[in-house]
1. Using 0.36 nm times the number of residues separating residue 431 and residue 230, minus their current alpha carbon distance, what extension gain do you get?
2. What Kirkwood hydrodynamic radius do you get for region 1-88 when you take the inverse of the mean 1/r over all pairs of distinct Cα atoms, in Å?
3. By a straight-distance test (C-alpha under 23 Å), which lysines pair with residue 385 as possible cross-link partners, with residues fewer than eight away in the same chain excluded?
4. On a full-extension model of 0.36 nm per residue, what is the gain between residue 345 and residue 190, subtracting their alpha-carbon distance, rounded to one decimal in nm?
5. Per the Kirkwood treatment, what hydrodynamic radius in Å, one decimal, follows for the chain from the mean inverse distance over all distinct Cα pairs?
6. Test of understanding: express the Cα radius of gyration of region 126-276 as a ratio to 2.2 N^0.38 Å, with N the residue count.
7. In whole Å, what is the distance between the alpha-carbon centres of region 78-157 and region 204-239?
8. Any chance you could run the full-extension gain for residue 15 through residue 213? It's 0.36 nm times the residue separation minus the Cα-Cα distance, nm to one decimal.
Amino acid sequence: MPSPATALPELRIASNPLSPEAVAGLLGAGPRLALIFAAEAPLFQSTLHQLHLDAHAAGERVSDRVAVLGVHADWRTPDCRQARCALLVDADGLVSQYSFERPVPIDVAWTLHLPLDGEQELHASISADCDRAGLPQINPHPASERADDKMRAHRLWATYLAHGRDEFALPAATLIARGASQADVLSEIKRFVARVGLPSTIIVQPNRGTEGQSVAAARIDRGEAATLESRHPLVRHICEAILPSDDALVREERGNVRVNRSAGRALHRAPPMPGGTGWLSTPECAELRRVAFRVNVAWNGAEFVAESGFAQVAGSEGSVLASRGREGAIADINECFAQLHYRCAGGWRRFVASEADIEALRRAAAVAAWALNADLQEEEEEYLKHMGIDMVLEIDAESGKMTPVVLEANARPAGLNQATALRGIAPGPSRLHVSTALFHFIARRVRRCPLRTG
Ligand SMILES: Nc1ncnc2c1ncn2[C@@H]1O[C@H](COP(=O)(O)OP(=O)(O)O)[C@@H](O)[C@H]1O
Ligand SMILES: [Mg+2]
């Protein structure tokens, strides 16, 4: 018997194949978006369900209403343009797995929910299938590759910022290539700490990693640089845990805001917002945790729009990493944003965010999405049209100005089912939501150039 913690949720499987008429009744006449997945189907139900609700709400006209199908990579027909089976939301709002009497044509593909092992290679192969089939894609692999390779994304963003832009900042970063010897690693780390200055917290991670896997952090104090040696835990971690399978990305820690341990835990409910802007008492300080913000950005056909997201709150006061995979917890993005604290004059001070700060967060994510897609040949067709941008925040104690610091972009973001609409600072309930913009784009895209034949 699996323990309750590891048991998969149940997935209903319809016993009879759906007739073409029943399919038409369930899906309507609008565009069909296939979420191509390959990890466990039962774990994908709530994401499918949320995207179905978003698609329905976004459809201004019934004929524009995008039908959302969850199609396992193995359920596609050999030409990859049709689905033999799919997860669908039925008329009662329940997700079931259906087979079809006749394969069901699809119009647009979005690759999500792949097994972590071999994820990027599998995405490349699914994306190549879609290309051969002439299927438009939300996350075509060549553009997604720019996000999967964190250093490449970093360089694209650095190029953008070099043109005098300042909507976001980047951590100082360097890449240590796979073949590097221990001596190379040590000298590169020494060079890097000399560049960023001490004391600093240095974070190392696999350049193509995900979910906080193999990320390590160490604070290096003034005077320690000269004594850094190959037995240093950071150097050993790079050599033993990262370089055997990937390049190592080395970055300075950025972000100086914290939230209370309990911030945003009451996900999707609206607790009363604590008022006041005063200093925190000592016991409250002990509860402060680092927080990273995930903002979902989508292409609406004309621009990138930052619509929704969640916060990731670190699992303990000292923890540098907020990732879920590292004992961090998902929290409501709006509630966390309303409860930020920053260090000021030796203590922690409440940051009272304004609408302009929320707008700055949105804008940072949107321009980062745009810059990641810079110079793609056929523009929209090749764009990564939806991504989850991870950011930490910095508040300047003197001016009170907030700057988002962009860490990475996720081309197949997990946790879409936990995202809520970015609603601003007004108190009120948060609403589960991923995107409206993307469904407007899909409807327009399919209207402009329909592919479906069946
Ligand atoms: N330079 C940095 N400054 C502050 N926090 C960081 C930095 N790099 C990583 N982190 C923390 O580690 C987490 C994981 O890093 P990230 O770059 O998002 O990689 P991934 O999620 O792919 O493992 C982030 O969400 C953040 O909490
Ligand atoms: Mg991340």
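Each value in this text was obtained by applying a stated rule to the coordinates, not by laboratory testing. In this text, all values refer to a predicted model and were calculated from it rather than measured experimentally. Cβ placement follows ideal geometry from the backbone for every residue including glycine, while neighbour counts extend to all protein chains displayed.
1. Contour length minus the Cα-Cα distance gives 67.4 nm.
2. About 14.3 Å, per the Kirkwood formula over Cα pairs.
3. Within the straight-line limit of under 23 Å, residue 385 reaches these lysines: 150.
4. Result: 52.7 nm gained on full extension.
5. Computed over Cα pairs of the chain, the Kirkwood hydrodynamic radius comes out at 23.2 Å.
6. 1.32
7. Region 78-157 and region 204-239 have Cα centres separated by 35 Å.
8. 67.3 nm
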